Amino acid sequence: MSEKLKVGILGGTGMVGQRFISLLENHPWFEVAAIAASPRSAGKTYEEAVGGRWKMDTPMPEAVKNLIVLNVNDVEHVASQVDFVFSAVDMTKDEIKKIEEAYAKTETPVVSNNSAHRWTPDVPMMVPEINPEHAAVIESQKKRLGTKRGFVAVKPNCSIQSYAPVLTAWKEFEPYEVVATTYQAISGAGKTFADWPEMVGNIIPYIGGEEEKSEKEPLRLWGKVEDGVIVPAQSPVITCQCIRVPVLNGHTAAVFVKFKKKPTKEELIDRLVHFSGEPQRLELPSAPKQFIQYLEEDNRPQVALDVNYENGMGISVGRLREDTVYDWKFVGLSHNTVRGAAGGAVLCAELLKAQGYITKK
Ligand SMILES: NC(=O)c1ccc[n+]([C@@H]2O[C@H](COP(=O)([O-])OP(=O)(O)OC[C@H]3O[C@@H](n4cnc5c(N)ncnc54)[C@H](OP(=O)(O)O)[C@@H]3O)[C@@H](O)[C@H]2O)c1
């Protein structure tokens with residue numbers, strides 16, 4: 001019998017679900033044992049259910065083509081086939097909250113890409129390089145849910161991954177005021193240019209709910225565990241504009257920062273390239289070896305050249321220069337559906353397995 005943990009993908013037919021399926025092909029620790037989606041897809045083979053909607057560059061893995069898609073709402077049935085699940089369903093926030101807790105209550109850990117539980121006080125929201133210690137709140141969550149091994153853990157929004165790791169690397173210089181503008185890819189809306197032709201040569205200055213997430217979520221990452229819940233940090237204050245641009249994959253951020261302790265350029269670059277965390281120490285399978293790269297060329301980072309850095313799990317930074325109003329400014333880039341969605345969730349699950357929270361049933 002395989003020693004790998006059996007994983008289910010809730011919302012496995014969607015854009016993020018497909019990214020999970022691709023990333024988990026040949027994963028050394030996890031194997032896809034169940035795929036669940038809406039009642040529209042349930043009962044069909046995965047290949048039939050996805051049909052022409054396969055949006056990845058690589059072919060659909062053979063191992064999943066003939067899996068029969070299950071109904072996400074048949075919680076007990078799906079849960080009985082797996083050790084844990086990744087969640088990427090698109091339902092209302094309340095429905096997602098409920099269904100993710102229902103899975104947890106069947107003693108099935110849920111690692112979610114969705115925003116529904118990001119502010120539930122005893123749910124850890126993790127970027128494994130930044131706040132692996134937040135997993136400790138799982139113990140109080142399990143008490144609330146009445147479970148032994150079931151819990152929900154989440155990853156933060158894709159938009160913050162191009163600057164939150166950078167600000168974390170610079171923590172010792174005490175950044176206190178940040179202005180960020182994000183230039184976000186259309187795959188963040190689950191779209192390609194074929195499904196959203198209006199985006200060709202276009203810019204849309206609105207992404208619903210995104211600015212609030214981009215301003216607030218980093219503070220929760222930098223929060224502390226107190227009495228079994230996460231207490232968000234108070235600073236730096238972040239203000240953000242989020243703009244949809246005609247790019248398929250890759251969120252770019254242009255960022256201005258004020259620091260209490262004034263760093264030199266050399267110090268800032270040094271802290272970026274030496275920043276690493278638990279995933280690197282534990283050599284987790286999806287961990288980038290070098291989490292943040294600094295590019296000296298004036299025309300980098302570029303989506304076309306840099307989005308796949310470290311298989312889409314690394315962050316690329318460039319254009320660090322002094323500013324006349326703020327102290328320093330820079331440009332950051334990350335892959336929104338890899339580091340920002342499915343890849344970030346897979347890395348969280350690897351960390352949770354290494355920490356002993358996800359085990360075989
Ligand atoms: N795209 C990104 O980069 C990104 C990044 C971060 C977070 N997210 C979030 O991740 C979630 C999935 O995004 P996506 O872009 O992958 O969406 P998507 O391509 O529209 O896929 C949605 C998935 O949810 C299922 N679904 C839809 N309605 C359902 C219902 N009423 N009951 C059960 N299942 C249902 C779909 O099943 P069928 O195929 O059967 O319809 C499909 O598997 C969303 O909440 C989104 O906000 C996306």
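Note that the range 283-295 has calculated 3J(HN,Hα) couplings of 6, 5, x, 9, 5, x, 5, 10, 5, 10, 9, 10, 9 Hz, one per residue in order, obtained from phi through the Karplus relation 6.51 cos²θ - 1.76 cosθ + 1.60 (θ = phi - 60°); glycine and proline are x.
Comparing mean-square fluctuations of D270, D74, D298 from a GNM of the chain with C-alpha springs under 10 Å, the top value falls on D298.
Axis of helix 210-221 versus longest Cα principal axis of the chain: the two differ by about 90°, to the nearest ten degrees. A cut-off of 5 Å between modelled amide H atoms, ignoring neighbours fewer than 5 places along the same chain, links S112 with S87, A153, V154, K155. Classification of the range 296-361 by its C-alpha gyration tensor yields a prolate form. The axis ratio a/c (a ≥ b ≥ c) is 1.5 or more, and a/b outweighs b/c. Between 0 and 90 degrees, the angle of helix 15-24 with respect to the longest Cα principal axis of the chain falls at about 80 degrees. Helix 343-354: angle to the longest alpha-carbon principal axis of the chain, degrees 0 to 90, nearest 10? Tilt relative to the chain: about 70 degrees. Of the trypsin sites (Lys or Arg not before Pro) in the range 1-41, the ones in a loop by DSSP (not H, G, I, E or B) with at most 13 other beta carbons within 10 Å are R40.
Mean residue ellipticity at 222 nm, helices only, the chain: -6500 deg cm²/dmol; runs of at least 4 DSSP H residues each add -39,500 (n - 2.57), and the sum is divided by the number of residues.
If you average the sequence gap of Cα pairs under 8 Å that are 6 or more apart and divide by the length of the chain, what percent do you get for the contact order?
Working: 812 pairs, mean separation 61.6, N = 361.
The normalised contact order for the chain reaches 17 percent.
Of all the options G52, G343, G228, the one that moves most in a Gaussian network model of the chain with Cα springs shorter than 10 angstrom is G52. Full extension of the chain segment joining Y176 with N26 gains 49.7 nm, where the gain is 0.36 nm per residue of separation less the Cα-Cα distance.
Full extension of the chain between Q81 and E296 gives 72.5 nm of extra length, using 0.36 nm per residue less the Cα-Cα distance.
Karplus-based coupling profile of the range 66-76, in residue order and whole Hz: 9, 5, 7, 5, 9, 8, 3, 6, 7, 4, 4, with θ = phi - 60° in 6.51 cos²θ - 1.76 cosθ + 1.60 and x standing for Gly or Pro.
When both the range 167-190 and the range 329-361 are represented by their alpha-carbon centers, they are found 17 Å apart. Would you mind classifying the range 111-217 by shape? Square roots of the alpha carbon gyration tensor eigenvalues, ordered a ≥ b ≥ c; an a/c under 1.5 is rounded, otherwise it is prolate if a/b is larger than b/c and oblate if not. Here the range 111-217 falls in the oblate category.
Summarising the strand pairing of the chain, around 45 percent of its internal DSSP beta bridges are antiparallel. Take the Cα of V237, go 7 Å toward its beta carbon, and the backbone nitrogen atoms of the range 171-191 under 16 Å from that spot belong to 175-180.
Taking trypsin sites (Lys or Arg not before Pro) across the range 129-226, the ones in a DSSP loop with at most 12 further Cβ atoms lying within 10 angstrom of their Cβ are K148.
Working note: Karplus 6.51/-1.76/1.60 with θ = phi - 60° gives the range 156-161 the couplings x, 4, 5, 5, 7, 6 Hz, where Gly and Pro are set to x. Ordered by the number of other Cβ atoms lying within 10 Å of each residue's own Cβ, fewest first, Y206, Y309 fall into the sequence Y206, Y309. With an a/c value of 1.5 or above and a/b larger than b/c for the gyration tensor axes a ≥ b ≥ c computed over the alpha-carbon atoms, the range 73-172 is described as prolate. The range 234-256 and the range 205-225 have Cα centres separated by 11 Å. Over the C-alpha trace of the chain, radius of gyration and Dmax come out as 19.8, 63 angstrom.
Read-outs: derived from the displayed coordinates by stated rules, not from any lab. What you are looking at is a predicted structure, and each value in this text was computed from that prediction instead of being measured. We place every Cβ from the backbone using ideal geometry, glycine too, and count neighbours over all the protein chains shown.
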